[in-house]
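J.: I'd like to ask you about the structure that follows.
Read-outs throughout are calculated quantities, based only on the coordinates presented, and are distinct from any laboratory measurement. All values derive from a computational prediction rather than experimental measurement. Positions of Cβ are backbone-derived with ideal geometry, glycine not excepted, and every protein chain shown enters the neighbour counts.
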Amino acid sequence: MEASSSTSSHYNVTATWEIRIDKEADIVAVRQQVRELAKEHRFDQFAVAALTTAASELSRNVWAHAQRGLARITVLQNGNRVGLGLEFVDHGPGIADLDRALAGGFSTAKSLGLGLSGTKRLVDEFSIDTEPGRGTKVVIRKWKKEF
């Protein structure tokens, strides 16, 4: 099952970092790397907070549901626009009811259930590919606002 929303898929990847998520402390490592890159590329403070929150939520989902996975962080270029892309992949149980999970207020991990729906609202592009018993892949992108 797949869901997505995007504004553009034409971009170049200029740099990539990968962080394995196999212990809870890795959630912090992902969040710190995303925050550092967003600041380095001069995203405004609201975009830095949005990206950091999204990274934290998605990393936590990997840890809570699969106990291991991979976070891939990319710096993107689309003409003069700069963006950050985040991809989270796990081989956990997958999501049986994606529509319900994206609606918010739903959780199988005894949390607030705001992770996926909240993350989707924080970013410019969001896609999720999941299959029960095979895992989940979430890809998000946020583009730097030009003033």
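J.: Note the listed values (i) 30, 17, 13; (ii) 24, 16, 14; (iii) 38, 18, 13, then indicate which one is semi-axes √(5λ) of the Cα gyration tensor in Å calculated from this particular structure.
T.: Identified label for the calculated read-out: (ii).
J.: Report, in deg cm²/dmol and to the nearest 500, the calculated mean residue ellipticity at 222 nm for the chain, where each DSSP H run with n ≥ 4 adds -39500 (n - 2.57) and the sum is divided by the residue count.
T.: -11000 deg cm²/dmol
J.: Follow-up question, since we're still on this one. Please give the peptides 17-23, 40-46, 84-90 ranked by average Cβ packing (other Cβ atoms within 10 Å per residue), highest first, as a rough proxy for protection.
T.: Going by the mean number of other Cβ atoms within 10 Å, highest first, we get 84-90, 17-23, 40-46.
J.: Which number gives the lysine pairs in the chain that have C-alpha atoms under 24 Å apart and are eight or more places apart or on different chains?
T.: 12
J.: What ranking, highest mean first, results for peptides 56-64, 28-36, 122-130 when packing means the other Cβ atoms within 10 Å averaged over each residue?
T.: Ranking the peptides 56-64, 28-36, 122-130 by packing returns 56-64, 122-130, 28-36.
J.: Residues with beta-carbon under 9 Å from that of Ala55, excluding Ala55: net charge, scoring Lys, Arg +1 and Asp, Glu -1?
T.: Net charge in that neighbourhood comes out at +1.
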